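Data first, discussion second: the structure below is written as structure tokens.
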Amino acid sequence: TDFDAKKKRKVAEIYQALNSDPIDVATLRRMAISEGGLLTDEIRCKVWPKLLSGLPSSPPAAFARLGVNPVPLLSSGKELREDNKDYQQVLLDVRRSLRRFPPGMPDDQREGLQEELIDIILHVLKRNPQLHYYQGYHDIVVTFLLVVGDRLATALVEKLSTHHLRDFMDPTMDNTKHILNYLMPIIDQVNPEVHDFMQSAEVGTIFALSWLITWFGHVLSDFRHVVRLYDFFLACHPLMPIYFAAVIVLYREQEVLDCECDMASVHHLLSQIPQDLPYETLISRAGDLFVQFPPSELAREAAQQQAERTAASTFKDFELASVQQRPDTVLRQRFRERLRGEERTKSILTKPRTNRFVKLAVMGLTVALGAAALAVVKSALEWAPKFELQIFP
């Protein structure tokens with residue numbers, strides 16, 4: 001069938017990018033974002049480390065090909081558990097994580113994986129005392145464990161924790177709140193009616209907290225959907241999960257507007273995430289909105305509290321490191337010129353901010369940018385909260 005032929009072509013393209021010298025990380029990122037993501041766990045084992053390999057680190061030679069640090073076993077599980085202040089909480093969370101394992105998995109196999117899950121989390125925390133455990137972190141770690149196995153999961157989770165997840169692992173929730181503050185400005189740009197309704201209901205953004213801090217791992221019951229989203233998020237800017245949260249709310253526009261306009265009703269509706277979402281459409285839409293309304297443009301509305309160093313501000317280094325593996329300056333230059341043109345048209349389209357116009361603009365972008373895959377890969381973003389907050393006190 002046509003679908004199978006497309007899939008075969010994609011697999012061939014992924015392996016070609018993996019085997020090129022240097023590794024073609026830009027293509028791998030585009031493949032992870034575009035329809036169907038990375039297709040199989042076997043491919044994810046090879047590509048996920050490459051997607052994270054642009055992040056700063058100096059892996060020893062043995063693991064350099066994977067682009068991640070090997071994780072020596074620091075001490076036995078028993079020692080790790082005895083001196084770790086987070087052990088009891090991790091243990092409770094992991095014991096409650098039964099539904100994150102495939103249904104029908106034999107009990108002894110699942111229990112073995114739960115022990116590995118505890119060890120991975122405690123290893124990462126022991127090696128990085130600046131990181132603080134939060135409830136929901138285990139939902140991200142278990143996804144990596146199930147896809148790539150314990151050794152590689154430990155290395156990838158450590159890298160992810162010091163970059164994409166860094167904001168959630170502070171001693172306070174200030175940076176997490178700062179990221180949640182982007183949700184309403186994105187909704188406002190696309191659909192002022194939904195935004196105003198949610199403001200009137202005073203629903204806030206807490207309904208999206210578990211989505212954001214678990215990369216949707218906690219709230220989606222189908223593991224295939226979870227790993228598809230992880231392909232997307234690993235290939236993108238650290239703020240992409242909040243754009244994805246916004247497109248879910250926007251997709252449910254009619255349900256929201258039909259709801260009683262009070263906090264309890266709207267919060268209850270939005271907390272119950274539908275399991276049959278059109279994931280590919282929403283991924284493409286999130287990419288479009290990210291290009292159309294980049295974080296730097298939404299910072300004024302979102303900057304409500306001081307943010308120290310956040311993961312999103314280090315993304316430019318990540319971008320540059322990836323690009324140095326495969327220089328692509330002509331495309332980047334063309335892309336910047338295209339964005340400048342879009343900025344001009346966007347300012348005309350979005351000032352009156354009628355739904356119809358904004359929706360047309362978004363559709364046009366999807367067509368122009370091939371489901372935004374290229375756009376998201378190429379966008380070099382200047383998002384540094386400290387700097388933004390100085391401009392917008």
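The values are calculated or read from the model by the stated rules, or taken from the named source; none is laboratory data. Because the structure is predicted, anything quoted here is derived from the model rather than measured. All Cβ positions, glycine included, derive from the backbone under ideal geometry; neighbour counts span all protein chains shown. Just so you know, the surface numbers come from the protein's heavy atoms only, side chains and all, with ligands and any DNA or RNA stripped out. Shrake-Rupley method; radii C 1.70, N 1.55, O 1.52, S 1.80 Å.
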When the Karplus curve 6.51 cos²θ - 1.76 cosθ + 1.60 is applied with θ = phi - 60°, which whole-Hz ³J(HN,Hα) does each residue of segment 242-252 get, with x for Gly and Pro? 6, 5, 5, 4, 5, 5, 5, 4, 5, 4, 9
How big is the dipole moment of segment 173-317 about its Cα centre under a simple scheme where the beta carbon of each Lys and Arg is +1, that of each Asp and Glu is -1, and everything else is neutral? Debye, nearest 20, please. 580 debye
Using the Karplus equation 6.51 cos²θ - 1.76 cosθ + 1.60 (θ = phi - 60°), what ³J(HN,Hα) coupling, rounded to whole Hz, does each residue of segment 21-28 give in order, writing x for Gly and Pro? 10, x, 4, 7, 5, 4, 5, 4
Quick one: Karplus J couplings for segment 215-228, per residue in order, coefficients 6.51, -1.76, 1.60, θ = phi - 60°, nearest Hz, x for Gly and Pro? 6, 6, x, 6, 9, 9, 8, 8, 4, 4, 5, 4, 5, 4
Compute the distance in nm between two label points, each set 7 Å from the Cα along the Cα-to-Cβ direction, one at residue 193 and one at residue 174. 4.0 nm
State the extension gain, in nm to one decimal, for the chain segment bounded by residue 255 and residue 268, taking 0.36 nm per residue of separation less the distance between their alpha-carbons. 3.5 nm
Projected label distance in nm at residue 99 and residue 126, using a 7 Å step from Cα toward the beta-carbon: 3.2 nm
What is the percent carbon and sulfur in the accessible area of segment 173-317, measuring with a 1.4 Å probe over the protein chains and ignoring ligands? 49 percent
So what's the gap between the Cα centers of segment 193-238 and segment 6-55, to the nearest angstrom? 24 Å
With the cut-off at 30 Å, tell me which of the pairs 46/126; 46/85; 6/50 have Cα atoms farther apart than that. 46/85
